[in-house]
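Okay, so here's the structure we're looking at.
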Amino acid sequence: MNFETERLILRPRTMDDFDDCVVMDRAPGVVDFIVGPWQDRDAHEAFVKARINQDYGVGLGYWSIFTKEIPDHFIGWVLLIPEDGSGSDIEIGWRLHPDYWGQGFAFEAARAVVDHAFSHMELPRIIAAIDPRNTSSKKLAERLGMTCKESQAGFAVYEMSLDDYQRIWGA
C-alpha cells in the first residue's frame, strides 16, 4: 500500500532500502535518542534486515519516504507497527536523514500514516514512545494531535484515540 501527500511518496520498505536505512542510522544525531544496536555494525545490520523482513500484519509496517521532486532518493521512513515489533499497542514512529530535518517532511509522512491508522484501519488508538530528551519528536507528536499520557520505562508515551483523531482532524 502506497501513500502520496502533497510533496511525498510513501511505499512499503523493502530490502532495496537497506543500505539507505543503515546510512541514515549512522548519520550524526539520527539515533541519539533511540535504543538499539547502533554501535555494533553486524547487530545493527541484522536488526534492520529483520525489521524490513518482518510481517507486521495487514495495513501495518514501515513505509520508505521519497520526495516527489526526487522520487528515487530515500529520505527516511515512517512506521505503524505493534509496539517494539510485537506488543499489543500500535505504535507510530518516524526517522529521517538529517539533510531533511526541519522541512515538514516527517509531519507530512506521519500525518498520512495517522490518517491510514484511523480512517482505513479504524484502530482505536495509536501510541508513540519518545525519549523525553527528543524535543523534535515530542513536538511532532503534539503537532499530530497526540498527547503525553504517561511515562513508561523512561519514555514519554504519547497517544491519540480514534475520538481524538476525529475531533482534531475532522475525519
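The values are calculated or read from the model by the stated rules, or taken from the named source; none is laboratory data. Values in this document were obtained by computation on a predicted structure and should not be read as measured data. Cβ: placed from backbone, ideal geometry, glycine included. Neighbour counts: every protein chain shown. We work out accessible area using only protein heavy atoms, side chains counted, and drop any ligands, DNA or RNA first. Shrake-Rupley method; radii C 1.70, N 1.55, O 1.52, S 1.80 Å.
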Inset, instruction - Could you run through region 83-111 and say how many residues are open to solvent by 40 Å² or more (accessible area, probe 1.4 Å) and at pLDDT below 95? - result: 4
Inset, instruction - Look through region 16-42, keep the residues that are over 15 Å from GLU91 (Cβ atoms) and among the aliphatic types (A, V, I, L, M), and return whichever of them is surrounded by the most Cβ atoms within 10 Å (Cβ to Cβ). - result: MET24
Inset, instruction - Hey, can you tell me all the residues within region 149-171 that are of a type outside the set (Val, Ile, Thr), touching an Asp or Glu at 6+ places or on another chain (Cβ under 9 Å), closer than 18 Å to GLU83 by Cα and open to solvent by less than 70 Å² (accessible area, probe 1.4 Å)? - result: GLY154, PHE155, ALA156, TYR158, GLU159, LEU162
Inset, instruction - Pick out the one residue from SER64, SER119 that is of a type in the set (S, T, N, Q) and either more than 12 Å from the chain's Cα centre (by Cα) or open to solvent by 40 Å² or more (accessible area, probe 1.4 Å) (or both). - result: SER119
Inset, instruction - For region 26-47, name all the residues that are among the β-branched types (Val, Ile, Thr) and in contact with a Lys or Arg (Cβ under 7 Å, 6 or more places away or on another chain). - result: VAL30
Inset, instruction - Go through (1) more than 22 Å from ILE90 (Cβ to Cβ); (2) surrounded by fewer than 16 Cβ atoms within 10 Å (Cβ to Cβ) one by one and return the number of the condition GLU45 breaks. - result: (2)
Inset, instruction - Just need a number here: residues in region 98-116 that are more than 14 Å from the chain's Cα centre (by Cα) and of a type in the set (D, E, K, R). - result: 1
Legend entry - The one condition in (1) under 20 Å from VAL113 (Cβ atoms); (2) over 16 Å from the mean Cα position of the chain (by Cα); (3) of a type in the set (A, V, I, L, M, F, W, C) that ALA43 fails to fulfil: (1)
